[in-house]
Amino acid sequence: MKCPNLISLHSINDQKCTGEIIMCKVPELHTDQIILTILSPDDYPLLLNYYINNQKHLSLWEPGRSESYYTIEDKKERITYAKENLLMV
């Protein structure tokens, strides 16, 4: 099987595509003011800081969160899960 045909400038190692390590493209959406893409391992602290810094504000719309939600381990798990499900064929 081949990896999904996604437009991107970045690639990541992924074992989901063929069972062996190959390069799969990560999608990106570019506008004049933003680049929207899948977070990488370097982004875990950014995501965690976002949720910690906005916890009070987000609590108005999000379900109650346990303390474990506000850990780097949780963010790693969530990003890994999202990436694996996006890049599955």
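The values are calculated or read from the model by the stated rules, or taken from the named source; none is laboratory data. Just so we're clear, the structure is a prediction, and the values are computed from it rather than from any experiment. Methodologically, a virtual Cβ is constructed for each residue, glycine included, from the backbone with ideal geometry; neighbour enumeration extends over all protein chains shown.
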Pull out all pairs, ordered by first then second residue, where Cβ-Cβ is under 6 Å, the residues are six or more apart or on different chains, the first lies in segment 62-87 and is closer than 14 Å to residue 26 by Cα, and the second is among the basic types (Lys, Arg) and surrounded by 12 or more Cβ atoms within 10 Å (Cβ to Cβ).
84/16; 87/16
Going through 52, 35, 72 one at a time, which residue ends up being of a type outside the set (S, T, N, Q) and touching an Asp or Glu at 6+ places or on another chain (Cβ under 7 Å)?
35
Can you name every residue in segment 28-39 that is surrounded by fewer than 13 Cβ atoms within 10 Å (Cβ to Cβ) and polar (S, T, N, Q)?
31, 33
Determine which single condition residue 57 fails, assuming it passes every other condition in (1) surrounded by fewer than 13 Cβ atoms within 10 Å (Cβ to Cβ); (2) at pLDDT below 90; (3) not in a loop (DSSP other than H, G, I, E, B).
(2)
